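The values are calculated or read from the model by the stated rules, or taken from the named source; none is laboratory data. Note that the structure is predicted; figures quoted are calculated from it, not measured. Here the Cβ is made from the backbone with ideal geometry for all residues, glycine too, and neighbour counts use every protein chain on show. Heads up: the accessible areas ignore ligands, DNA and RNA and are worked out on the full protein's heavy atoms, side chains in. Shrake-Rupley method; radii C 1.70, N 1.55, O 1.52, S 1.80 Å.
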Amino acid sequence: SRHDVRMSGFAHRSSVAEAIAWIDSEIPSLQTEKIALDRSTDRVLAQAITSGVDVPGFRRGMMDGFAVRASDLRKASESEPVVLRVVGDVYPGKPYSSPLSSMHAIRIMTGAPMPPECDVVIPVEDVRLQDDQIVVSHPVATGKHVGLPGEDVASGTLVLAAGRRIRPQDIGLLSSIGIDAVEVLCKPRVHLITTGNELLPAGTPPKDFMITDANSPMLESLIHRDGGCVTSAGIVPDDPECILKAFQAEVEIIIVSGGSSVGLEDHVPQLLAEHGELGIHGVQMRPSSPVGIGIFKTRLVFLLPGNPVSCLCGYDFFAGRAIRKLTGRGAALPYREQRLPLGESMLSVEGRKDYVRVQIEEGKVTKVMPQGAAMLFSAVRADGFVVISEEAGSLKTGEMVTVYLYEPR
């Protein structure tokens with residue numbers, strides 16, 4: 001077959017920029033769905049939300065104390081205090097309905113509606129109680145300790161913009177303006193295919209000449225982190241018919257782990273080229289150079305190397321990018337960044353992007369060794385990674401670099 005590259009090497013390796021441009025041009029249109037407000041944490045709003053109500057919708061007392069007229073206290077002083085008669089109580093959720101005469105006060109609890117005639121709340125600690133009277137020895141400014149309608153949110157206010165990643169406090173606010181469901185971007189469905197006759201199921205002890213699947217649980221975690229939902233074909237044998245059958249999933253994205261290179265059992269690129277489109281095969285990057293990217297029917301397909309660090313790197317730069325864009329989280333790498341000096345030089349090759357696992361010691365950045373694509377422990381021991389650009393060639397000791405920290409931001 002003209003698509004069969006097994007044991008013949010890569011005819012062409014695309015730059016990382018070319019691979020990213022290909023992905024961005026093929027990302028499907030964003031889909032939306034309406035979901036209950038209490039399930040919307042961390043989802044991305046598809047539509048802006050404007051409040052149709054004032055919050056609060058009424059004048060309310062902001063302290064436990066006494067609701068009074070400010071005009072009754074105008075002449076109050078230490079030498080000539082004003083005495084007001086307490087004629088009732090008002091609690092949250094129930095207004096005080098009787099008219100209030102001059103020189104009278106109403107005992108009020110925090111959050112209760114203000115009696116219409118009152119424009120001040122005097123905190124309980126600012127008065128002296130004498131039976132059913134209060135003694136006030138100073139004037140109080142109109143509006144003191146009174147919450148006004150719309151003070152938190154005024155009707156007509158844009159409260160959340162489209163593209164907002166919903167936080168717990170956002171949910172509280174939306175509930176307060178009477179919203180119980182929101183329109184959000186759909187989570188892209190991602191189907192995970194793991195190939196390899198040498199693989200044992202995830203989490204089982206390795207034995208003989210077999211290795212335990214590390215990529216599936218790692219990829220599932222990464223997909224969830226970026227907002228996707230995952231189905232899995234499990235471990236699929238290195239057999240063209242079995243692999244092609246695993247491709248038949250109603251999803252937006254397929255990720256294949258393993259079988260992406262040019263070895264005798266690397267069937268996946270050939271299958272994708274014959275039954276769909278293999279847009280990218282081979283990228284000028286280390287690790288993760290055997291990455292493949294294409295289309296099967298309407299699904300974006302990412303062929304990630306079987307070596308775990310290559311798989312991690314290829315996911316973050318390529319597959320993860322597509323998932324993050326579809327979930328409205330943006331294309332950027334989802335890691336907190338820190339600018340630090342190198343504690344040692346780092347060599348690279350001009351024209352190739354390098355993903356280097358690093359540690360931070362005494363404020364300086366050094367490589368975690370060994371750096372092999374199969375050495376997943378290097379990413380576990382690392383604080384993060386540094387990306388050496390294609391133009392750099394090498395970086396010198398003391399040079400400032402951006403470290404992408406593995407810890408969640």
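Which residues in the range 39-82 place their backbone N less than 19 Å from a point set 7 Å from the Cα of Arg128 along the Cα-to-Cβ direction? Only 66, 73-82 fall inside the zone, counting backbone N under 19 Å.
How far, in nm, would the chain grow between Glu80 and Lys364 when pulled straight, counting 0.36 nm per residue and subtracting the alpha carbon separation?
Working: separation 284, 0.36 × 284 = 102.24 nm, distance 7.05 nm.
Length gained, Glu80 through Lys364: 95.2 nm.
In angstrom, the C-alpha Rg and Dmax of the range 165-237 are 19.0, 62. Using a probe radius of 1.4 angstrom, the carbon and sulfur fraction of the accessible surface of the chain is 51%. For the range 207-358, a simple Cβ point-charge model (Lys and Arg +1, Asp and Glu -1, everything else neutral) yields a dipole of about 740 debye relative to the Cα centre.
If both residues of a DSSP beta bridge must be in the chain, then about 70% of such bridges are antiparallel. For the range 207-308, the alpha-carbon coordinates run over 37, 34, 30 Å along the three principal axes, in decreasing order. Each principal axis of the Cα cloud of the range 156-207 was taken in turn, and the coordinate range along them, longest first, works out to 64, 19, 15 Å.
Shown for the chain is the translational diffusion coefficient from the Stokes-Einstein equation, using the Kirkwood radius over Cα pairs, a temperature of 25 °C and a viscosity of 0.890 mPa s: 94 µm²/s. Semi-axes of the equivalent ellipsoid for the range 68-122, please: Cα gyration tensor eigenvalues, times 5, square-rooted, ordered largest first, whole Å. The three semi-axes for the range 68-122 are 22, 11, 9 Å.
The calculated FRET efficiency for Cys229 paired with Gln338, based on their beta-carbon distance and R0 = 35 Å, is about 0.65.
What does the charge add up to near Gly330, with Lys and Arg as +1, Asp and Glu as -1, over the other residues with Cβ less than 11 Å from its Cβ? My count for the surroundings of Gly330 gives +4. Translational diffusion coefficient of the range 306-358 (Stokes-Einstein, Kirkwood radius from Cα pairs, 10 °C, 1.306 mPa s): 119 µm²/s.
In the chain, with Lys and Arg counted as +1 and Asp and Glu as -1 at Cβ, which of these residues, Ile134, Ile166, Gly276, has the Cα nearest the positive end of the dipole, that is, farthest along it? About the Cα centre, the residue reaching furthest to the positive side is Ile134. Extension gain, Tyr91 to Glu391, is 101.0 nm, computed as 0.36 nm per intervening residue step minus the present C-alpha separation.
In debye to the nearest 20, how big a dipole does the range 315-409 give about its Cα centre with +1 on each Lys and Arg Cβ and -1 on each Asp and Glu Cβ?
Values: 14 positive and 12 negative charges, 90 e Å.
It works out to roughly 440 debye.
Residues of the range 390-404 with backbone nitrogen within less than 16 Å of a virtual label 7 Å along the Cα-to-Cβ line of Glu350, please, listed as ranges. Residues 390-396 fall inside that zone. Based on protein heavy atoms only, the chain ends up with 48 Å² per residue of surface accessible to a 1.4 Å probe.
For the pair Ala162 and Val53, a Förster radius of 22 Å applied to the C-beta separation gives a FRET efficiency near 0.60, rounded to the nearest 0.05. Other residues lying with their Cβ under 15 Å from the Cβ of Phe58 contribute a combined charge of -2, Lys and Arg counting +1, Asp and Glu -1.
Taking 20 Å as the cut-off for C-alpha to C-alpha distance, list the pairs among Lys364/Lys396; Lys34/Lys297; Lys367/Lys396; Lys75/Lys144; Lys207/Lys367; Lys34/Lys187 that go past it. Walk me through the numbers on the way to the answer.
Numbers: Lys364/Lys396 13 Å; Lys34/Lys297 27 Å; Lys367/Lys396 13 Å; Lys75/Lys144 17 Å; Lys207/Lys367 31 Å; Lys34/Lys187 12 Å.
Distance filter (> 20 Å) returns Lys34/Lys297; Lys207/Lys367.
Would you kindly calculate the translational diffusion coefficient of the range 358-409, applying Stokes-Einstein with the Kirkwood radius from alpha carbon pairs, for 25 °C and a viscosity of 0.890 mPa s, and quote it in µm² s⁻¹ without decimals? Please report the intermediate quantities before stating the final value.
Details: Rh = 12.0 Å.
Answer from the Stokes-Einstein relation: 205 µm²/s.
The charge dipole of the chain, taken about the Cα centre with unit charges on the Cβ atoms of Lys, Arg (+1) and Asp, Glu (-1), comes to about 360 debye, rounded to the nearest 20. Ranking Gly228, Val256, Val44 by how far each Cα lies toward the positive end of the dipole of the chain (charges on Cβ) leaves Val44 at the top. Entry note: the range 331-382 has Rg to Rh equal to 0.96, where both radii use alpha-carbon atoms and Rh is the Kirkwood radius.
Once the Cα-Cα distance is subtracted from the 0.36 nm per residue extended length, the Thr402 to Phe377 segment shows a gain of 6.8 nm.
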